[in-house]
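Engineer: This is the structure I have questions about; it appears just below.
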Amino acid sequence: MIDRDQQFAISGELAFTTNPQGARLIEIENASARAALALQGAQLLDWTPVGQAPVLWLSPGALYREGKAVRGGIPVCWPWFGPHPENPAFPAHGFARTRSWQVIGSEKLLDSTRVTLCLDATEVDPKLWPHQALVTLTVTVGTELRLDLATENRGDTALEVSQALHSYLAVGDIAAVTVEGLEGTDYIDQLQDARRLRQKGPVVIGEEVDRIYLGGCPELQLLDTALGRRIRIAQSGSASTVVWNPWADKAARLGDMGPAESYRQMLCLETANAADDAVTIPPGGAHRLSVEFSATAL
Ligand code: TA6
């Protein structure tokens, strides 16, 4: 059988592999970093710059099952964020993260590697999603990591999309983490019946947190004094930032978080358009959601 993906392989830099659980992966290794990406959901699973610890958290209990998002990395939540606005039976965070995407391009750049994947959502069951769109994810792996999620409205009616690049970041200990950039921002507290509150000072995490910060934040800084690392997150096309840590009880209920204390080694900082910030794309129009990560010693 012809493996159409091989045309996008780059000798010594980008290969297609299958992991022990049978998941089809893209593995990238260049002079700047290594990365891994599952074709299901176009989900980044690893980004590790040379000389650094992994920047993305991947659950030690991650399950690789068809139709289930892997716990960790950067799941693509699209074309809706959270529960479906009308039908609770529909998959949480949309259907893009549990479908198989197609590689449509790869490129060796000066000090990075780029790969582009596409999901054709022009013939989805209208009961699930009565629209026609094409969504592409371009991932650029180097000393920085960049993701660009582009939605093209191929239908003849306006399209409303909520979405997130649902990034799980690896931290030394959640108690030693501070997030800067959201000071004074209003947020929806998902744990207090969607009450709206205002962030006072930097974000620190000492319990379950599930918040949608509104209005857009062009740059976040995650300061990790346990790992002695600063992760800079530059966001564009994003009007919401989601901050989530399940803490102990919810982590135990999720069932794919790994050992009981694993929640202490992760924090989700998600580049999104959620709640009030859903985007409307006119027929023939397009929208781009982008995020860029860099990690440096504190
Ligand atoms: O990150 C915010 C959130 O919506 C949380 O409410 C929690 O459900 C999380 O996403 C993970 O969702 P998942 O469907 O991947 O378990």
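Engineer: Which of the residues spanning segment 70-89 are within 13 Å of the ligand (Cβ to nearest atom), part of a loop (DSSP other than H, G, I, E, B) and in contact with a Ser or Thr (Cβ under 9 Å, 6 or more places away or on another chain)?
Structural biologist: Matches in segment 70-89: 70, 71, 73, 75, 80, 81, 82.
Engineer: Out of segment 156-189, which residues are in a loop (DSSP other than H, G, I, E, B) and touching a residue at least 24 places away in the same chain (Cβ under 8 Å)?
Structural biologist: First pass over segment 156-189, keeping only residues in a loop (DSSP other than H, G, I, E, B): 156-158, 162, 166-167, 171-173, 181-185.
Those that are in a loop (DSSP other than H, G, I, E, B) and touching a residue at least 24 places away in the same chain (Cβ under 8 Å): 156, 157, 158, 162, 166, 167, 171, 172, 173, 181, 182, 185.
Engineer: Of the residues that sit in segment 105-134 and are of a type in the set (Val, Ile, Thr) and surrounded by 14 or more Cβ atoms within 10 Å (Cβ to Cβ), which one is farthest from residue 281 (Cα to Cα)? So that I can check it myself, show each step before the final result.
Structural biologist: Step one: of segment 105-134, the residues of a type in the set (Val, Ile, Thr) are 113, 115-116, 122, 124.
Still in the list and also surrounded by 14 or more Cβ atoms within 10 Å (Cβ to Cβ): 113, 115-116, 124.
On the way: 113: 30, 115: 25, 116: 22, 124: 18 Å.
Here the answer is 113.
Engineer: Checking the conditions here, which among 67, 61 is within 16 Å of the ligand (Cβ to nearest atom), of a type in the set (Gly, Ala, Ser), part of a loop (DSSP other than H, G, I, E, B) and closer than 24 Å to residue 133 by Cα? Break it down into steps so the answer makes sense when it comes.
Structural biologist: Details: 61 fails: closer than 24 Å to residue 133 by Cα.
Checking each option against the conditions leaves just 67.
Engineer: So, one more: Could you identify the single residue in 92, 96, 53 that is within 12 Å of the ligand (Cβ to nearest atom), of a type outside the set (Phe, Trp, Tyr) and either closer than 21 Å to residue 162 by Cβ or touching a residue at least 12 places away in the same chain (Cβ under 8 Å) (or both)?
Structural biologist: Numbers: 96 fails: within 12 Å of the ligand (Cβ to nearest atom); 53 fails: within 12 Å of the ligand (Cβ to nearest atom).
Step by step, each of 92, 96, 53 is checked, and only 92 is within 12 Å of the ligand (Cβ to nearest atom), of a type outside the set (Phe, Trp, Tyr) and either closer than 21 Å to residue 162 by Cβ or touching a residue at least 12 places away in the same chain (Cβ under 8 Å) (or both).
Engineer: Could you list, in sequence order, the residues of segment 236-261 that are within 14 Å of the ligand (Cβ to nearest atom), part of a helix (DSSP H, G or I) and either among the β-branched types (Val, Ile, Thr) or under 21 Å from residue 175 (Cβ atoms) (or both)?
Structural biologist: Selection gives 247, 249, 250, 251, 252, 254.
Engineer: Pairs only if they're at least six apart or on different chains, beta carbon under 9 angstrom, first in segment 250-267 and under 21 Å from residue 190 (Cβ atoms) and free of Cβ contacts under 8 Å to residues at least 40 places away in the same chain, second among the aliphatic types (A, V, I, L, M) and exposed (fewer than 12 other Cβ atoms within 10 Å of the Cβ); list them, first residue then second.
Structural biologist: Filtered contacts from segment 250-267: 251/260; 252/260.
Engineer: So, one more: Output the number of the condition that residue 34 fails; it satisfies all remaining conditions of (1) away from the ligand (no atom under 15 Å from the Cβ); (2) assigned to a loop (DSSP other than H, G, I, E, B).
Structural biologist: So residue 34 meets the others, but not (2).
Engineer: Looking at (1) over 24 Å from residue 147 (Cα atoms); (2) surrounded by fewer than 20 Cβ atoms within 10 Å (Cβ to Cβ), find the lone condition where residue 216 falls short.
Structural biologist: (1)
Engineer: Does any residue of segment 281-295 turn out to be more than 15 Å from the ligand (Cβ to nearest atom), of a type in the set (Lys, Arg) and surrounded by fewer than 21 Cβ atoms within 10 Å (Cβ to Cβ)?
Structural biologist: From segment 281-295, those more than 15 Å from the ligand (Cβ to nearest atom) are 281-290, 292-295; that's our starting set.
With of a type in the set (Lys, Arg) added as a condition, the list becomes 288.
Going one step further and asking which of them are surrounded by fewer than 21 Cβ atoms within 10 Å (Cβ to Cβ), we end up with 288.
Scanning segment 281-295, I find at least one residue that is more than 15 Å from the ligand (Cβ to nearest atom), of a type in the set (Lys, Arg) and surrounded by fewer than 21 Cβ atoms within 10 Å (Cβ to Cβ), so the answer is yes.
Engineer: Scan 76, 55 and give me the residue that is within 19 Å of residue 227 (Cβ to Cβ) and at pLDDT 95 or above. Write out each step before concluding.
Structural biologist: Numbers: 76 fails: within 19 Å of residue 227 (Cβ to Cβ).
The conditions single out 55.
Engineer: Another question, if that's okay. Among 71, 97, which is the only one that is surrounded by 19 or more Cβ atoms within 10 Å (Cβ to Cβ) and in contact with a Leu (Cβ under 9 Å, 6 or more places away or on another chain)?
Structural biologist: Values: 97 fails: in contact with a Leu (Cβ under 9 Å, 6 or more places away or on another chain).
Criteria check complete, one pass: 71.
The values are calculated or read from the model by the stated rules, or taken from the named source; none is laboratory data. In this text, all values refer to a predicted model and were calculated from it rather than measured experimentally. Quick reminder, even Gly has a Cβ in these numbers, built from the backbone with ideal geometry, and neighbours come from all protein chains shown.
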